[in-house]
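Below is one structure, written out as structure tokens, with a few remarks after it.
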Amino acid sequence: MDSGNSLTSSNFASSTSSSGEGLFSNKNFIIIVLVTLLVFSFLGVNLLFVFGNLIQSIVNIFGPLVSQLLAIFGYTTGTVLNKSADIVSDAAKTGIDIAEGTVQSVGDLLKSGGREVDAKARHQLDKLDKSLNVSGIQYNEPSPDTPSTRFKNPLPQESNPGV
């Protein structure tokens, strides 16, 4: 006999287990589970119903605990978001205040550098500055509308709407 072509039992077992075709492969396992469910259903035992009731009882026991944990997590996350928004807005306000102070300082430097401006021009510039910064516009408070009738008049309707 040719030893290269002969198939011994150990070679056959190793070749079938390495290719995934053994007794407990995934395909065979699914077939065994389905056949077991079929046999139990013929006998009147509904295993899916039993497993469903078991899972429902586990959910009834641990559901409130998980719900409380998720509620605490949500509350904590909301608090962190609110505090983060407060800190970011304060930082932005501080940055804007710093920028405003810098621009004011530059403006003061430019104004102090212009001391050679004659008094007449300086007076006109101060007058312009006051007119820009102080508004002479008087705002009147709006008064409530007093209708002549109790109800507003309806809009006139067209004779053939939609045509």
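Annotations
- Check on Ser112, surrounded by fewer than 10 Cβ atoms within 10 Å (Cβ to Cβ), among the polar types (S, T, N, Q), outside any loop (DSSP other than H, G, I, E, B) and at pLDDT below 90: yes
- Residue pairs meeting the criteria (Cβ under 7 Å; at least 6 apart or on separate chains; first exposed (fewer than 11 other Cβ atoms within 10 Å of the Cβ) and assigned to a helix (DSSP H, G or I), in the stretch 20-38; second charged (D, E, K, R) and at pLDDT below 85): none
- Flag if Ile58 is of a type in the set (Val, Ile, Thr), surrounded by 11 or more Cβ atoms within 10 Å (Cβ to Cβ) and part of a helix (DSSP H, G or I): no
- The stretch 41-55, residues that are outside any helix (DSSP H, G or I) and of a type in the set (S, T, N, Q): Asn46
The values are calculated or read from the model by the stated rules, or taken from the named source; none is laboratory data. It should be emphasised that the depicted structure is a prediction, and the values quoted were computed from it without experimental measurement. Note: ideal-geometry Cβ built from the backbone for every residue, glycine included; neighbour counts use all protein chains shown.
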